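Asks: Sharing a structure here in structure tokens format.
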């Protein structure tokens, strides 16, 4: 059962990362802050869990990255969603909504 829960969380995190990047290019720390801010602190992601997802999405050509100089010596790596990533995001949203609808229907069912 734990692997199902982990797979669900992983998919939701990936979907939300793509959603946040779809709104505007973001760097890693910004993405972690979006999770906290939008969930009123109830949902957070550790950078160590997030970066493997970002690297995989980059390898799969769903997102790209670029460096932007901030200050004199500091640079940030920003992530940008690509067309393939947009398609994946919309597919994930559709699958998520269909799954939630089915689960809600099953929970409301009186056949026990």
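Asks: Within the stretch 69-112, can you find the residues that are free of Cβ contacts under 8 Å to residues at least 40 places away in the same chain and touching a strand residue (DSSP E or B) at 6+ places or on another chain (Cβ under 8 Å)?
Replies: As a first pass, look at the stretch 69-112 and keep what is free of Cβ contacts under 8 Å to residues at least 40 places away in the same chain: 69-75, 82-84, 87, 90-91, 94-95, 97-112.
Answer for the stretch 69-112, where residues must be free of Cβ contacts under 8 Å to residues at least 40 places away in the same chain and touching a strand residue (DSSP E or B) at 6+ places or on another chain (Cβ under 8 Å): 69, 70, 75, 82.
Asks: Same structure, new question: Would you pick out the residues in the stretch 25-49 that are assigned to a helix (DSSP H, G or I) and at pLDDT 90 or above?
Replies: Answer for the stretch 25-49, where residues must be assigned to a helix (DSSP H, G or I) and at pLDDT 90 or above: 28, 29, 30, 31, 32, 33, 34, 35, 36, 37, 38.
Asks: I'd like the residue in the stretch 77-110 that is modelled with pLDDT of 95 or more and not in a helix (DSSP H, G or I) and, out of all such residues, is nearest to residue 55 (Cα to Cα).
Replies: 79
Asks: Output the residues belonging to the stretch 61-76 that are surrounded by fewer than 11 Cβ atoms within 10 Å (Cβ to Cβ) and in a loop (DSSP other than H, G, I, E, B).
Replies: Listed by number, the residues that qualify are 71, 72, 73.
Asks: Something else now. Which one of the conditions (1) surrounded by 11 or more Cβ atoms within 10 Å (Cβ to Cβ); (2) in contact with a helix residue (DSSP H, G or I) (Cβ under 9 Å, 6 or more places away or on another chain); (3) without any contact (Cβ under 8 Å) to a residue 24 or more places away in the chain does residue 58 fail to meet, given that it meets all the rest?
Replies: Evaluating residue 58 over (1) surrounded by 11 or more Cβ atoms within 10 Å (Cβ to Cβ); (2) in contact with a helix residue (DSSP H, G or I) (Cβ under 9 Å, 6 or more places away or on another chain); (3) without any contact (Cβ under 8 Å) to a residue 24 or more places away in the chain leaves (2) as the failure.
The values are calculated or read from the model by the stated rules, or taken from the named source; none is laboratory data. This one's a predicted model, so the numbers in the text were calculated from it and none came from an experiment. All Cβ positions, even for glycine, are placed from backbone atoms using ideal geometry, and neighbour counts span all protein chains on display.
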